[in-house]
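All remarks here apply to the structure that follows.
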Amino acid sequence: MAKNLGTAVIGLLDHERVDLRAAATTVLAAVGKGDAAVVKALTARLADADGVVRRIALEGLAEMGASGIAAHLVPLLRGDDATLAERAAQLLAGQGAAAESALRKELSAGTVQARRAIASLLLRRGTQAAVDAVIDQLADVELGEQALQLLRAEVDHHNEKVVAIIEKSALARAADVGKTVKKEWARALRDADKQAAAEAKAAKAKAAKAKGKAGQGDGKAAPPSGNGHAAGPDPMRDPAVAAGVHELGLLLRLIGYMARPSALSLLMGKIGDDWPRAVRLAAIAALRRIVASHEGKSTDAAIERLIALADGADLAIA
């Protein structure tokens, strides 16, 4: 493209009239291949206020095989144009390491739909950093369950390279999160006991005071209020406990989906009654998957523990 003509057409990209911006974008997309200035100009139009202009620019960049534009493609995933978002995702999949870096940075922000799309693209990359970024989202209340299902799909498709990364990272993460949950759970139980004791003391003092007043009145004692016991706060309502149990529960489910004997030791350590009930249930479910998938001495201890739990009073645990 002649330099003067190209400069003139590029200048129209900032015109207030949408039809002129669209026309200029169309021309540049058709004849600007190999021109760095054109690629830069079209890339800027990906943020145009008009959807048609954005679409023309995106298709033009795709035809040119433009690279290094990942950071400009990611925002399109968050838009309300599903077709444009899908096309941007296709281009991002071919942008390589540059796209991966941009996607990891954007994964924790935006709508759940956009974040799910980003997580899916990262899993396609299949690198350690990309997979770890998705596993990180298991801690997120909004995206955690969807991230788990994306990871499960990789397991179900037997993508061994990615599954090996998932297994190693999930086991390590579950061990670390488990330590935090155990610590916070013990603290929350202590706090609950302290509050229950304080409430019981206050209730006792109140009852004594009421009894004293009744003795000064008609001689009849006031009936006791409540059941005589203070109901302490539920430790599961503690924010730190709830957050940890949420993440650990999803990690244990992920480990269960893989059904690898390498997880037996970790899971066996989380089925005792010193863990929150939700954690125990997730660990038991994962153990059952492994036992159902494998036979031999490696699962004998797990089978014995599961049989012992089946005789317990808690029907859900049994």
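Structural remarks
- Yes/no for ALA174 being touching a residue at least 60 places away in the same chain (Cβ under 8 Å) and buried (at least 16 other Cβ atoms within 10 Å of the Cβ): yes
- Unmet criterion (only one of (1) under 13 Å from the mean Cα position of the chain (by Cα); (2) in contact (Cβ under 8 Å) with a residue 60 or more places away in the chain) for ASP156: (1)
- Some residue of segment 290-302 being closer than 22 Å to LEU138 by Cα and either touching a helix residue (DSSP H, G or I) at 6+ places or on another chain (Cβ under 7 Å) or of a type outside the set (A, V, I, L, M, F, W, C) (or both): yes
- Filter pass, THR25 being surrounded by 13 or more Cβ atoms within 10 Å (Cβ to Cβ) and polar (S, T, N, Q): yes
- Taken over segment 31-77, the residue count meeting the criterion of being part of a helix (DSSP H, G or I) and under 25 Å from GLU16 (Cβ atoms) is 26.
- Criterion: farther than 23 Å from ALA29 by Cβ and surrounded by 14 or more Cβ atoms within 10 Å (Cβ to Cβ) - qualifying residue of LEU91, LEU103: LEU103
Condition check ((1) touching a residue at least 60 places away in the same chain (Cβ under 8 Å); (2) assigned to a helix (DSSP H, G or I); (3) of a type outside the set (Phe, Trp, Tyr); (4) under 23 Å from LEU171 (Cβ atoms)) across all residues:
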position	(1), (2), (3), (4)
ASP80	no, no, yes, no
THR83	no, yes, yes, no
GLN90	no, yes, yes, no
GLN95	no, no, yes, no
LYS105	no, yes, yes, no
ALA114	no, yes, yes, no
ALA117	no, yes, yes, no
ASP132	no, yes, yes, yes
LEU138	yes, yes, yes, yes
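- When every residue of segment 256-269 is checked against the conditions, at least one turns out to be farther than 19 Å from ILE166 by Cα and outside any helix (DSSP H, G or I).
- Scanning segment 270-283 for residues that are of a type outside the set (Gly, Ala, Ser) and in a loop (DSSP other than H, G, I, E, B), we see that the one that is farthest from VAL177 (Cα to Cα) is ASP273.
Rule-based calculations on the coordinates, nothing more; no lab input. Small disclaimer: the values here were computed from a predicted structure and weren't measured. We place every Cβ from the backbone using ideal geometry, glycine too, and count neighbours over all the protein chains shown.
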